[in-house]
Amino acid sequence: MARTAAASETRWLSREERAAWLANSAIMISLPAALDARMRRETTLTFFEYMVLSVLSEEPERTLQMSDLAARTSASLSRLSHVVGRLEKRGLLSRARLPGSGRRTSSTLTEAGYETVVAAAPGHVTAVREYLIDLLEPHELAALQRIGTAVDAAIGRGALDPDPTSSAPSGT
């Protein structure tokens, strides 16, 4: 009964909205997979490992608290912790517990990590250009930036259902 009422209240996607959603879904799913496959072929890193090292490389001290690094890489602390552990074993970064209360840890890019990310960057930028940037006109790039910023802000505000156990139909 409740499911029928919820379905009747659902704002289903129009044909144009569904086409836009499916095209965007292809970007969300296919682009990271293509970047990961290429990164693995050309370097010793995964795409996510590259992103972790890249974010750290842009920090003044090449250091971030793990929670901040998780936010900047759009990762859960659990996923980040596993990846950082692998990178630490390879000597690409180091972790240190921060003083004070709580379980706060920082992650610092080592010199070897910096050299690794610098060596991988040209190939990554080439792939990003080939798979996305060079396919778009300047006005499309501006629109893509606005869209990405709006989606990120909506997610940041918790505009999406925070309950991962809810089972509403997807509508696609």
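The values are calculated or read from the model by the stated rules, or taken from the named source; none is laboratory data. Predicted model, so just to flag it, every value in this text is computed and none were measured. Using ideal geometry, Cβ is built from the backbone for each residue, glycine included, and neighbour counts are taken over all protein chains shown. Heavy atoms of the whole protein, side chains included, go into the accessibility calculation; ligands, DNA and RNA do not. Shrake-Rupley method; radii C 1.70, N 1.55, O 1.52, S 1.80 Å.
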How about segment 137-150: which of its residues are more than 16 Å from Ala26 (Cα to Cα) and surrounded by 10 or more Cβ atoms within 10 Å (Cβ to Cβ)?
-> Glu140, Leu141, Ala142, Ala143, Gln145, Arg146, Thr149, Ala150
Quick one: Ser74 ticks every box in (1) in contact with a strand residue (DSSP E or B) (Cβ under 7 Å, 6 or more places away or on another chain); (2) at positive phi bar one, so which box is it?
-> (1)
Quick one: what pairs do we get from segment 14-42, first residue within 21 Å of Val125 (Cα to Cα), second among the hydroxyl-bearing types (Ser, Thr, Tyr) and open to solvent by less than 40 Å² (accessible area, probe 1.4 Å), C-beta under 8 Å, 6+ apart or different chains?
-> Asp36/Thr46; Met39/Thr46; Met39/Tyr50; Arg40/Thr46
If only one of Thr110, Thr46 is among the polar types (S, T, N, Q), within 29 Å of Val151 (Cα to Cα) and without any contact (Cβ under 8 Å) to a residue 60 or more places away in the chain, which one is it?
-> Thr46
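Let's see how each residue does on (1) under 26 Å from Ala37 (Cα atoms); (2) touching a residue at least 40 places away in the same chain (Cβ under 8 Å):
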site	(1), (2)
Ser57	yes, yes
Gln65	no, yes
Arg72	yes, no
Ser76	yes, no
Arg79	yes, no
Val84	yes, no
Arg103	no, no
